[in-house]
Structure formats: structure tokens, C-alpha cells
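Q: To start, I am sharing the structure in question, which I have written as C-alpha cells.
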Amino acid sequence: MEFEILGNKDTRSGFGEGLAELGRTNENVVALCADLTGSLKMDAFQKENPERFFQVGIAEANMIGLAAGMTIGGKIPYTGTFANFSTGRVYDQIRQSVAYSQKNVKICASHAGLTLGEDGATHQILEDIGMMKMLPNMTVIVPADFNQTKQATIAIAEHQGPVYLRFGRPVMPIFVKPDAKFTIGKADILQEGTDVTIIACGHLVWKSIEAAKVLAEKGVSVELINMHTIKPLDEEAILKSVSKTKCVVTAEEHMILGGLGESVAQVLARKLPSPQEFVAVNDTFGESGTPMELMTKYGIDSQNVVDAVLKVLKRK
């Protein structure tokens, strides 16, 4: 199956456009930023809605506390900073003031994973999906491209409860149609196949599309699933696909511990034990480098997906 490339853009810009659109259509949406307005592409919302934009400075814990309080008055706060500072730095505040209290806060996290690039290991969080999915009441979403990030940003305003929305910095191909429907907790079946299931999220969806093309040339029929919602997980889609293909590869820009792959493995262990291979960062911190160099070095590139598929096929 050929995927039409509709352009190239970073997913953080999809967040910025979605937030700006919400600013025009939903008067309850407010935005808070921790001194990274430009990096989070929140400029348009700030310019159009200065009375609904709050620059809190480098005080992320305070930002989460403010956002939690704003929900009591019926506001829908979107907080914005790098993924590392959105989670690791403020985990206690998120746990107590947002998740435990079931506050309607949308935690929007850019520059996630290795593809933050040159800023290095201190900024490249690879544990955040695991941290956030383990919190009761938290919804975790990792969209695949610019259009899907925009769609997800808009969709979570209608969802009642805490959300963690994870996106990134690098320019990547756009392949999701601009009018596609985004449904929280419902996976997108991008391609049907019979030999192997590939389940991916975020930037690894495009890498898996590239891998599926290579595998097709080798005669391997790939069923490709964009699992944009990590929690609640679309168990039905996983079980339906793997019951047909009998094996699965998961691919994510995250630590092998705690991420999408682990969630899929748990479903299969309980309901449909099947061979599984993981494309993820293997228990290590990152380093400075270009996004694509780092993806290759740390084993989360399209070739790694191909290799994982060939390996899992031998285990069927």
C-alpha cells in the first residue's frame, strides 16, 4: 500500500495549530506555558487570546498547580513545556493535583524522546509514557504526524479528565488526512496484512511505514497499526490483528521498559500469548546528535523494524 505524503512538518506545530483553533471555538480553553512559547508553537493562541494565556516562567510545578485550580472554575487548561519538564520534573504535582484529583488538565509535552536531538540526554526523556500510563485516571496519547497531532489537540478538549499528549520536534512526513476522525482509544489500521502485525506510535509510525514497504518487497505481508492512544489501549484491535498474523512487532520512541510494547505484551500475555519483538531504546540514556542519527544509533529506525519483523517471523 502506498501512503501519500501530504507535506513535511513537525508534530509540535500540529499542537500549535490545534490549540489556536480551540482558542477561536472554545472560550473555556486556557493555555499555560513554562517559558517555551515559541518552542511549543503557542504563539498564535497567545496573540489571539492574551487574557487566556498564562506565562508562568520556569516554574513547571507551579504551572500544574495553577492548571488544576483553573479546572474548578470550569476552565480547560492546556499546559505546555518539554516532555522532560512536563513529567519528570512535576510528577508529584501531576499525581496528587491532577490524576488523583481527576482534574481536567491537558498536559501537552513537546520535544519527547531522542529526536529532541542536540540538547542531549538531560532533555531527552524516554520514560514518560510509562510514568504517565501508570497513573490512574490518566489518558495517554502519542499522535503520529502533524495532522494527527492537531486532531488530537482538538479532540482532548471534549474529553473529561486528565490527558498526557506527547509530540515532538523533528520535521517528519505528513500522511494522516487533514479531515481524518480522531477517536481516543481507537487505533488506526493503516494497512491490512497476514504475516505480521506492526504496532507503532509517534514518529515510529512513519518509520514502520518505510519498513512495511521494504518488507513487501521481500514478500512479507504486514498489518500496520497506528496505536496513537497508549491508554486506554485498543485491546480489540490488537487481539483481532494478532489472532490473524500470529506474531507482532511494537515500535516506539521510548524506553523498552514501560512503553507501548509493554502494554501490548501485557494484553497478549493475558489473552493471546504470541511471539513479540520490541523496537525501542534499550535501557539507556541518549546523547547529543541529530534526530535521525540518534534514531539509527539507538535502534529505533526503519531498518530496526525490518530486522525485528524478520526475527519474529522465525518464532511463529
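Q: Dipole magnitude of the chain about its Cα centre, charges +1 at Lys/Arg Cβ and -1 at Asp/Glu Cβ only, in debye to the nearest 20?
A: Result for the chain is approximately 740 debye, rounded to the nearest 20.
Q: Also: Per the Kirkwood definition applied to all pairs of different Cα atoms, how many angstroms is the hydrodynamic radius of segment 21-61?
A: Averaging 1/r across every pair of different Cα atoms and inverting gives 10.4 Å.
Q: Moving on. Taking Rh as the Kirkwood radius, which is the inverse of the mean 1/r over Cα pairs, what is the Rg/Rh value for segment 169-280?
A: With Rh from the inverse mean 1/r over Cα pairs, Rg/Rh is 0.94.
Q: What are the membrane-span-like helices in the chain by this rule: whole DSSP H runs, Cα extent along the axis at least 30 Å, mean Kyte-Doolittle hydropathy at least 1.6?
A: Answer set is empty.
Q: Another question, if that's okay. Taking a ≥ b ≥ c as the square roots of the Cα gyration tensor eigenvalues, with a/c under 1.5 meaning rounded and otherwise prolate when a/b beats b/c, else oblate, which class fits segment 1-87?
A: prolate
Q: Segment 251-315: Rg/Rh from Cα coordinates, Kirkwood Rh?
A: Over the Cα atoms of segment 251-315, Rg/Rh equals 1.02.
Q: Please compute the contact order of segment 156-235 in relative form: average sequence separation of alpha-carbon pairs under 8 Å and at least six residues apart, divided by the residue count, as a percent.
A: About 37 percent, as a whole number.
Q: What dipole magnitude, in Debye to the nearest 20, does segment 8-173 give about its Cα centre under +1 on Lys/Arg Cβ and -1 on Asp/Glu Cβ?
A: Roughly 260 debye for segment 8-173.
Q: How about segment 240-316: which chymotrypsin sites (Phe, Trp or Tyr not before Pro) there lie in a loop by DSSP and see at most 15 other Cβ atoms within 10 Å?
A: The qualifying sites are 285.
Q: Calculate the radius of gyration of the Cα atoms of segment 42-104 to one decimal place, then report Dmax, the largest Cα-Cα distance, as a whole number, both in Å.
A: Computed over the Cα atoms of segment 42-104, radius of gyration and Dmax are 11.8, 33 Å.
Q: Take the Cα coordinates of segment 8-173, assign each an equal point scatterer, and use the Debye formula without solvent to give log10 I(q)/I(0) at q = 0.14, 0.19, 0.20, 0.21 Å⁻¹.
A: Results for segment 8-173 at q = 0.14, 0.19, 0.20, 0.21 Å⁻¹ read -0.61, -1.20, -1.36, -1.52.
Q: Further, regarding this structure: Using a Gaussian network model of the chain with C-alpha springs under 10 Å, which one of 113, 74, 14 is most mobile by mean-square fluctuation?
A: Of 113, 74, 14, the most mobile in the Gaussian network model is 74.
Q: Taking the Kirkwood radius as the inverse of the mean 1/r across Cα pairs, report the Rg/Rh of segment 78-235.
A: My calculation of the ratio gives 0.99.
Q: Pairs of alpha-carbon atoms within less than 8 angstrom and 6+ residues apart define the contacts here; what relative contact order does the chain have, in percent?
A: 18 percent
Q: Need one number: % antiparallel among DSSP beta bridges in the chain, to the nearest 5.
A: Antiparallel: roughly 20 percent of the beta bridges in the chain.
Q: Output the antiparallel fraction of DSSP beta bridges having both residues in segment 188-313, as a percent to the nearest 5.
A: Here the share of antiparallel DSSP bridges comes out near 20 percent.
Q: Next question, about the same structure. Determine the percent antiparallel among the DSSP beta bridges restricted to segment 134-227, to the nearest 5.
A: 25 percent
No value in this document is a laboratory result; all are computed from the given coordinates. Note that the coordinates shown come from a computational prediction; the quantities given were computed from them, not determined experimentally. In this analysis, Cβ positions are derived from the backbone assuming ideal geometry, glycine residues included, and neighbour counts consider all displayed protein chains.
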